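The values are calculated or read from the model by the stated rules, or taken from the named source; none is laboratory data. Bear in mind the structure is a predicted one, so any value in this text is a computation, not a measurement. So basically every Cβ, Gly included, is an ideal-geometry build from the backbone, and we count neighbours across all protein chains shown.
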Amino acid sequence: MTTRSFDKAPSTAPLMLKAVLPAIPVVGELPGIKHGSGSVPDLTLERRNVSTKPGHLEQYNEVCGFPRSNNLPATYPHMAAFALHMALMTDTAFPFAPMGLVHLRNSITQHRPIGVDETFDISVRAADLRPHSKGRLVDVVTTVSIDGVVVWDEVTTLLSRGRDGGTENSTPPLAGVEAPDGVVHWKLAGDLGRRYGAVSGDRNPIHLYPITAKAFGFPRNIAHGMWTKAHALAALQNKLPNAFTIDVEFKKPILLPSTVVFGSNIDGNVITLGVTSTRKPSTHLVGRIAPA
């Protein structure tokens, strides 16, 4: 396993450009730009002694709806890891070109709360290339450690659409789980993708403007899946244990602007949650929270 260390987070702007290049006809086939497709890279990216900037955390809390706290929101370490995710996915050894990948599932386990003043180490790697009925799946695995002890981890599951799919070799975590009925309406502005992108560094064109989203097949720009997960978690913040796992599956993109409905249901120590459309009986996100 090759380990590549970073003293600071890579700049996401050039990485976003690097992500777009493989999607350009002819250019995407050039050496140094074309991605391999045979296996996941034997590569781990890491940063050590990562600290949280109060101003950035404040911006994140504001756009996602989290209250101020002495601890980080459970979705916040994803922010610290995002640039490493981009560096990994834009490496030509990664099996798929980043543009066009679908963020299908996301699982976060908070083993214990992370204080806003704590420093931590992050590692990121790819794993488990496998078939799916609509193409192939790959996981981006992120681990956050403090003093050598894992306190947080995440599995981001990405789908590459194609005709080379097959039967998934394991049961999806949320198979059979339906979004609960809800009465809470979220009115989402057209600039939500730009505001979250400014905080997260995820300025994928599909999230920014209608015209940039149309270039990739969407009628309008769409909300970030990780914003939707974070906002749902913020709505349940006072119901969460110190250690828990939150699994979500992203079903259909949320077009911006729009109004969606959030619902949750508590059964013992398990919370089921979902985000659905107000206009059609369709689900955007379904999730489940359980003690870790």
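Could you check the stretch 151-170 and list, in sequence order, the residues that are assigned to a loop (DSSP other than H, G, I, E, B) and either touching a residue at least 60 places away in the same chain (Cβ under 8 Å) or touching a His at 6+ places or on another chain (Cβ under 9 Å) (or both)?
Listed by number, the residues that qualify are Gly165, Gly166, Thr167, Glu168.
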| Does at least one position in the stretch 186-203 carry a residue that is out of contact with any His (no Cβ under 6 Å at 6 or more places or on another chain), touching a residue at least 60 places away in the same chain (Cβ under 8 Å) and under 17 Å from Val286 (Cα atoms)? | yes
| request: Could you check Leu158 against (1) buried (at least 16 other Cβ atoms within 10 Å of the Cβ); (2) modelled with pLDDT under 95 and say which number it fails? | output: (2)
| task | Identify, from the list Ala179, Ala213, the residue that is surrounded by 19 or more Cβ atoms within 10 Å (Cβ to Cβ), touching a strand residue (DSSP E or B) at 6+ places or on another chain (Cβ under 8 Å) and in a helix (DSSP H, G or I). | result | Ala213
| In this structure, does Ala13 turn out to be closer than 17 Å to Pro95 by Cβ, within 20 Å of the chain's Cα centre (by Cα) and either part of a helix (DSSP H, G or I) or free of Cβ contacts under 8 Å to residues at least 12 places away in the same chain (or both)? | no
| note | Checked against (1) crowded, with 21+ Cβ neighbours inside 10 Å; (2) modelled with pLDDT of 95 or more; (3) in contact with a strand residue (DSSP E or B) (Cβ under 9 Å, 6 or more places away or on another chain), Ala97 satisfies every condition except (2)
| message | List the strands (runs of 3 or more DSSP E) inside the stretch 62-150, counting only whole elements, that have at least 1 residues being out of contact with any His (no Cβ under 7 Å at 6 or more places or on another chain) and of a type in the set (Phe, Trp, Tyr). | response | 120-132
| remark: For the stretch 112-127 the number of residues that are crowded, with 18+ Cβ neighbours inside 10 Å and over 30 Å from Phe96 (Cβ atoms) is 2
| In this structure, does Lys251 turn out to be of a type in the set (Lys, Arg), crowded, with 23+ Cβ neighbours inside 10 Å and either at pLDDT 95 or above or closer than 23 Å to Lys187 by Cβ (or both)? | no
